1. How tilted is helix 2-103 with respect to the longest principal axis of the chain? Cα atoms for both, answer in degrees (0 to 90, nearest 10).
2. Student exercise: in region 16-87, how many lysine pairs 8 or more apart or on different chains have Cα atoms under 29 Å apart?
3. State log₁₀ I(q)/I(0) for region 1-72 at q = 0.13, 0.17, 0.20, 0.25 Å⁻¹ as given by the Debye formula over alpha-carbon point scatterers of equal weight, solvent excluded.
Amino acid sequence: MCSAEAKRITEDLEQEMHKLDKREREADEFLKTSSTKLQDLIKKNDEEIQKCAHELLMLVDSVSKYKESMGSTLLNIWRDVSETAEAHKCLQGLRSLAAELVNV
C-alpha cells in the first residue's frame, strides 16, 4: 500500500512538473514574442518620429522662405507708395504754380 501510494504521488509530481515545464516554455515564448513586438513598435515609432521631424523642418523652411518673400514684397510696395506720394506732391506743386501763373 505504501509503495502504491508513493508511486501515485511520484506520478502526480511528475505530471505537475511536466505542466510546470510546459507553462515555463509558454511564458518564455510569450516573453520572446512580446519583446519582438515591442522592438518592432519602437522601430516604427522612431521612423514615424523621424518622418514628422523631417516634415516639421520642411515646414519651418517654407515659412522662413515665405517670410523672406513677403518682406521683399512689402518693401517693394512701400517703395511704390513712397514714389506715388512724392509724385503726388510734385503734381500738387505744379498745380499751385499753374494756378499762380493763371492769376498773374
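1. 0
2. Value for region 16-87: 11.
3. Each listed q maps to, in turn, -0.69, -0.81, -0.89, -1.01.
Here, each number is a calculation from the coordinates, and none is a lab measurement. Given the structure is predicted, the values throughout are model-derived calculations rather than measurements.
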